[in-house]
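This report concerns only the one structure given below.
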Amino acid sequence: MREVVNTIVYLNRTGCQWDMLPHDLLPKSTVYDYFAQWRNDGTWQRMVDALRAQVRVAAGHEATPSAASIDSQSVKTTEVGGEHGYDGGKKISGRKRHVLVDVMGLLLAVMVTSAALDDGAAAPQLTERLQPQDHPRLQKIWGDNKYHNHAYRRWLAENRPGWELEVKARAPGVKGFAVLPKRWVVERSFAWHGRYRRHSKDYERRTDSSESMIRVSALHLMLRRLAPDQTSPAFRYRTTC
(Lines give C-alpha, C1' and ligand atoms only; values in the text may rest on other atoms or scores of the structure.)
Protein backbone atom coordinates (compact mmCIF):
# COMPACT_ATOMS: atom_id res chain seq x y z
CA MET A 1 0.00 0.00 0.00
CA ARG A 2 2.89 2.35 0.68
CA GLU A 3 4.18 1.72 -2.85
CA VAL A 4 0.74 2.67 -4.20
CA VAL A 5 0.95 6.04 -2.44
CA ASN A 6 4.60 6.50 -3.46
CA THR A 7 3.69 5.90 -7.10
CA ILE A 8 0.81 8.38 -7.07
CA VAL A 9 2.95 11.02 -5.34
CA TYR A 10 5.73 10.46 -7.89
CA LEU A 11 3.31 10.91 -10.79
CA ASN A 12 1.88 14.06 -9.22
CA ARG A 13 5.26 15.58 -8.43
CA THR A 14 6.95 14.85 -11.76
CA GLY A 15 3.93 15.26 -14.05
CA CYS A 16 4.65 12.08 -16.00
CA GLN A 17 1.92 10.12 -17.77
CA TRP A 18 0.28 7.10 -16.20
CA ASP A 19 1.68 4.85 -18.94
CA MET A 20 5.21 6.17 -18.44
CA LEU A 21 5.72 5.34 -14.77
CA PRO A 22 9.23 3.98 -14.05
CA HIS A 23 9.52 0.21 -13.85
CA ASP A 24 10.69 0.31 -10.22
CA LEU A 25 7.27 1.70 -9.26
CA LEU A 26 3.91 -0.03 -9.53
CA PRO A 27 2.18 -0.14 -12.95
CA LYS A 28 -0.81 1.96 -13.93
CA SER A 29 -3.01 -1.15 -14.04
CA THR A 30 -2.56 -1.48 -10.27
CA VAL A 31 -2.24 2.11 -9.06
CA TYR A 32 -4.98 3.84 -11.04
CA ASP A 33 -7.64 1.55 -9.59
CA TYR A 34 -6.69 2.71 -6.08
CA PHE A 35 -6.55 6.35 -7.15
CA ALA A 36 -10.01 6.16 -8.73
CA GLN A 37 -11.54 4.25 -5.82
CA TRP A 38 -10.21 6.74 -3.25
CA ARG A 39 -11.40 9.59 -5.47
CA ASN A 40 -14.92 8.19 -5.67
CA ASP A 41 -15.39 7.25 -2.00
CA GLY A 42 -13.83 10.40 -0.51
CA THR A 43 -10.74 8.72 0.96
CA TRP A 44 -8.38 11.43 -0.32
CA GLN A 45 -10.31 14.15 1.51
CA ARG A 46 -10.47 12.11 4.71
CA MET A 47 -6.70 11.65 4.61
CA VAL A 48 -6.24 15.40 4.11
CA ASP A 49 -8.48 16.13 7.11
CA ALA A 50 -6.64 13.64 9.34
CA LEU A 51 -3.15 14.88 8.46
CA ARG A 52 -4.13 18.56 8.67
CA ALA A 53 -5.20 18.09 12.29
CA GLN A 54 -1.86 16.43 13.09
CA VAL A 55 0.15 19.20 11.41
CA ARG A 56 -1.78 21.92 13.22
CA VAL A 57 -1.35 20.28 16.62
CA ALA A 58 2.36 19.71 15.98
CA ALA A 59 2.70 23.44 15.19
CA GLY A 60 0.98 24.43 18.43
CA HIS A 61 -2.47 25.21 16.99
CA GLU A 62 -5.86 23.74 17.72
CA ALA A 63 -6.81 20.75 15.57
CA THR A 64 -9.51 22.72 13.74
CA PRO A 65 -9.13 26.27 12.36
CA SER A 66 -10.97 29.39 13.45
CA ALA A 67 -10.49 31.20 10.12
CA ALA A 68 -10.00 30.35 6.45
CA SER A 69 -9.04 32.05 3.19
CA ILE A 70 -10.80 31.52 -0.13
CA ASP A 71 -9.44 32.10 -3.63
CA SER A 72 -9.32 30.63 -7.14
CA GLN A 73 -6.69 29.92 -9.78
CA SER A 74 -7.34 29.66 -13.52
CA VAL A 75 -5.24 27.16 -15.50
CA LYS A 76 -5.19 25.92 -19.05
CA THR A 77 -6.45 22.47 -20.01
CA THR A 78 -5.16 20.05 -22.65
CA GLU A 79 -6.74 18.26 -25.58
CA VAL A 80 -7.98 15.34 -23.44
CA GLY A 81 -11.37 17.04 -23.19
CA GLY A 82 -13.70 17.34 -20.26
CA GLU A 83 -15.30 20.40 -18.68
CA HIS A 84 -13.65 23.72 -19.54
CA GLY A 85 -14.51 27.34 -20.32
CA TYR A 86 -13.07 30.83 -20.79
CA ASP A 87 -12.06 33.15 -17.95
CA GLY A 88 -12.50 36.65 -19.37
CA GLY A 89 -10.63 38.27 -16.49
CA LYS A 90 -7.46 36.18 -16.76
CA LYS A 91 -7.83 35.57 -20.53
CA ILE A 92 -7.43 31.83 -20.01
CA SER A 93 -9.37 28.98 -21.58
CA GLY A 94 -9.48 26.08 -19.16
CA ARG A 95 -10.56 25.42 -15.60
CA LYS A 96 -10.59 27.09 -12.21
CA ARG A 97 -9.28 25.64 -8.97
CA HIS A 98 -11.32 27.01 -6.08
CA VAL A 99 -9.73 26.38 -2.67
CA LEU A 100 -10.25 27.11 1.01
CA VAL A 101 -7.18 26.98 3.26
CA ASP A 102 -6.63 27.57 6.96
CA VAL A 103 -4.34 30.22 8.47
CA MET A 104 -1.33 27.92 7.97
CA GLY A 105 -2.14 27.52 4.28
CA LEU A 106 -3.25 23.90 4.69
CA LEU A 107 -6.00 22.69 2.38
CA LEU A 108 -9.54 22.60 3.74
CA ALA A 109 -11.59 22.13 0.57
CA VAL A 110 -11.05 22.17 -3.20
CA MET A 111 -13.41 22.35 -6.17
CA VAL A 112 -12.48 22.37 -9.87
CA THR A 113 -14.90 23.93 -12.36
CA SER A 114 -14.99 25.51 -15.79
CA ALA A 115 -12.93 28.71 -15.89
CA ALA A 116 -16.07 30.53 -16.99
CA LEU A 117 -17.71 30.16 -13.58
CA ASP A 118 -17.65 33.35 -11.51
CA ASP A 119 -15.81 33.14 -8.19
CA GLY A 120 -18.73 34.54 -6.24
CA ALA A 121 -21.09 32.00 -7.79
CA ALA A 122 -18.71 29.12 -7.03
CA ALA A 123 -18.07 30.21 -3.42
CA PRO A 124 -21.30 28.72 -1.93
CA GLN A 125 -20.66 25.37 -3.63
CA LEU A 126 -17.10 25.30 -2.28
CA THR A 127 -18.02 26.45 1.22
CA GLU A 128 -20.80 23.86 1.36
CA ARG A 129 -18.08 21.18 1.39
CA LEU A 130 -17.11 22.35 4.89
CA GLN A 131 -19.51 21.01 7.48
CA PRO A 132 -20.00 23.00 10.72
CA GLN A 133 -19.75 19.86 12.86
CA ASP A 134 -16.29 19.16 11.41
CA HIS A 135 -15.11 22.76 11.93
CA PRO A 136 -16.72 23.92 15.19
CA ARG A 137 -14.25 26.80 15.71
CA LEU A 138 -14.55 28.33 12.24
CA GLN A 139 -15.89 31.88 12.34
CA LYS A 140 -14.20 33.95 9.64
CA ILE A 141 -13.59 33.53 5.90
CA TRP A 142 -11.23 35.98 4.19
CA GLY A 143 -11.49 36.74 0.49
CA ASP A 144 -10.71 39.45 -2.04
CA ASN A 145 -13.10 41.67 -3.95
CA LYS A 146 -14.21 38.80 -6.17
CA TYR A 147 -16.16 37.44 -3.20
CA HIS A 148 -17.90 40.72 -2.35
CA ASN A 149 -21.09 39.03 -3.49
CA HIS A 150 -24.53 39.57 -1.96
CA ALA A 151 -25.70 36.10 -2.96
CA TYR A 152 -22.72 34.52 -1.19
CA ARG A 153 -23.30 36.57 1.97
CA ARG A 154 -26.95 35.60 1.90
CA TRP A 155 -26.03 31.93 1.51
CA LEU A 156 -23.69 32.16 4.50
CA ALA A 157 -26.39 33.80 6.62
CA GLU A 158 -28.89 31.08 5.73
CA ASN A 159 -26.66 27.99 5.76
CA ARG A 160 -23.61 28.88 7.90
CA PRO A 161 -24.93 31.56 10.29
CA GLY A 162 -21.85 31.44 12.52
CA TRP A 163 -19.44 32.14 9.67
CA GLU A 164 -18.60 35.67 8.52
CA LEU A 165 -17.09 36.80 5.22
CA GLU A 166 -14.47 39.53 5.46
CA VAL A 167 -13.26 41.06 2.19
CA LYS A 168 -9.63 42.17 2.12
CA ALA A 169 -9.18 44.86 -0.53
CA ARG A 170 -6.19 46.80 -1.79
CA ALA A 171 -5.41 50.10 -0.17
CA PRO A 172 -6.57 53.11 -2.22
CA GLY A 173 -4.04 54.10 -4.89
CA VAL A 174 -2.06 50.85 -4.81
CA LYS A 175 -1.18 49.50 -8.26
CA GLY A 176 0.38 46.21 -9.29
CA PHE A 177 1.05 43.33 -6.93
CA ALA A 178 0.32 43.95 -3.26
CA VAL A 179 0.32 41.60 -0.28
CA LEU A 180 -3.14 41.60 1.27
CA PRO A 181 -3.22 40.97 5.03
CA LYS A 182 -4.72 37.65 6.15
CA ARG A 183 -5.30 36.60 2.55
CA TRP A 184 -1.74 36.12 1.32
CA VAL A 185 -1.59 32.61 2.80
CA VAL A 186 -3.86 31.23 0.08
CA GLU A 187 -1.60 32.71 -2.61
CA ARG A 188 1.32 30.98 -0.93
CA SER A 189 -0.63 27.71 -0.96
CA PHE A 190 -1.08 27.99 -4.73
CA ALA A 191 2.69 28.52 -5.00
CA TRP A 192 3.32 25.39 -2.93
CA HIS A 193 1.08 23.34 -5.18
CA GLY A 194 2.75 24.86 -8.23
CA ARG A 195 5.89 22.89 -7.37
CA TYR A 196 4.04 19.77 -8.45
CA ARG A 197 4.33 19.56 -12.23
CA ARG A 198 1.00 17.77 -12.57
CA HIS A 199 -0.56 21.16 -11.82
CA SER A 200 1.25 23.15 -14.53
CA LYS A 201 -1.95 22.58 -16.54
CA ASP A 202 -5.08 20.60 -15.83
CA TYR A 203 -4.27 17.26 -17.45
CA GLU A 204 -7.29 15.34 -16.14
CA ARG A 205 -10.39 14.49 -18.12
CA ARG A 206 -12.59 14.65 -15.01
CA THR A 207 -12.79 17.55 -12.59
CA ASP A 208 -12.99 15.23 -9.57
CA SER A 209 -9.67 13.69 -10.67
CA SER A 210 -8.21 17.22 -10.76
CA GLU A 211 -9.48 17.82 -7.22
CA SER A 212 -7.93 14.56 -6.06
CA MET A 213 -4.55 15.52 -7.50
CA ILE A 214 -4.67 18.78 -5.52
CA ARG A 215 -5.37 16.70 -2.41
CA VAL A 216 -2.42 14.42 -3.20
CA SER A 217 -0.15 17.49 -3.29
CA ALA A 218 -1.58 18.68 0.03
CA LEU A 219 -0.96 15.25 1.55
CA HIS A 220 2.65 15.20 0.41
CA LEU A 221 3.28 18.71 1.74
CA MET A 222 1.87 17.77 5.15
CA LEU A 223 3.74 14.47 5.30
CA ARG A 224 6.99 16.33 4.70
CA ARG A 225 6.17 18.61 7.62
CA LEU A 226 5.40 15.71 9.92
CA ALA A 227 8.41 13.64 8.81
CA PRO A 228 11.00 15.96 7.23
CA ASP A 229 13.82 14.56 5.12
CA GLN A 230 16.87 14.15 7.37
CA THR A 231 19.30 13.28 4.58
CA SER A 232 19.51 16.73 2.98
CA PRO A 233 22.36 18.88 4.30
CA ALA A 234 21.39 21.97 6.24
CA PHE A 235 21.54 25.19 4.22
CA ARG A 236 24.04 27.67 5.59
CA TYR A 237 24.48 31.28 4.56
CA ARG A 238 27.94 32.50 3.72
CA THR A 239 29.44 34.75 6.33
CA THR A 240 31.25 37.95 5.36
CA CYS A 241 34.58 38.92 6.79
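In contact (Cβ under 8 Å) with a residue 24 or more places away in the chain and charged (D, E, K, R), is that true of ARG2? Give the steps one after another, and end with the answer.
Values: in contact (Cβ under 8 Å) with a residue 24 or more places away in the chain: no; charged (D, E, K, R): yes.
For ARG2, the condition - in contact (Cβ under 8 Å) with a residue 24 or more places away in the chain and charged (D, E, K, R) - is not met.
Out of segment 27-62, which residues are loosely packed, with under 15 Cβ neighbours inside 10 Å and outside any helix (DSSP H, G or I)?
PRO27, GLY42, ALA59, GLY60, GLU62
Can you work out which of the residues in segment 124-155 that are under 14 Å from the mean Cα position of the chain (by Cα) and outside any loop (DSSP other than H, G, I, E, B) is farthest from SER74 (Cα to Cα)?
THR127
Of VAL48, VAL80, which residue is modelled with pLDDT under 95, among the hydrophobic types (A, V, I, L, M, F, W, C) and closer than 18 Å to ARG198 by Cβ? Quick ask: steps written out before the conclusion?
Working: VAL48 fails: modelled with pLDDT under 95.
So the residue among VAL48, VAL80 that is modelled with pLDDT under 95, among the hydrophobic types (A, V, I, L, M, F, W, C) and closer than 18 Å to ARG198 by Cβ is VAL80.
Going by the structure shown, is GLY94 over 19 Å from the mean Cα position of the chain (by Cα), closer than 18 Å to PHE190 by Cβ and among the small types (Gly, Ala, Ser)? Working first, answer last.
On the way: over 19 Å from the mean Cα position of the chain (by Cα): no; closer than 18 Å to PHE190 by Cβ: yes; among the small types (Gly, Ala, Ser): yes.
Taking the combined requirement at face value, the residue does not satisfy it.
Among the residues of segment 157-211 satisfying the criterion of being of a type in the set (Val, Ile, Thr) and assigned to a helix (DSSP H, G or I), which is modelled with the highest pLDDT?
Looking only at segment 157-211, we keep the residues that are of a type in the set (Val, Ile, Thr), and these are 167, 174, 179, 185-186, 207.
Keeping just the survivors that are assigned to a helix (DSSP H, G or I) gives 185-186, 207.
Values: VAL185: 91, VAL186: 93, THR207: 96.
Restricting to residues being of a type in the set (Val, Ile, Thr) and assigned to a helix (DSSP H, G or I), the top hit is THR207.
The values are calculated or read from the model by the stated rules, or taken from the named source; none is laboratory data. Note that the structure is predicted; figures quoted are calculated from it, not measured. Here Cβ is always computed from backbone atoms with ideal geometry, including for glycine, and neighbour counts include all displayed protein chains.
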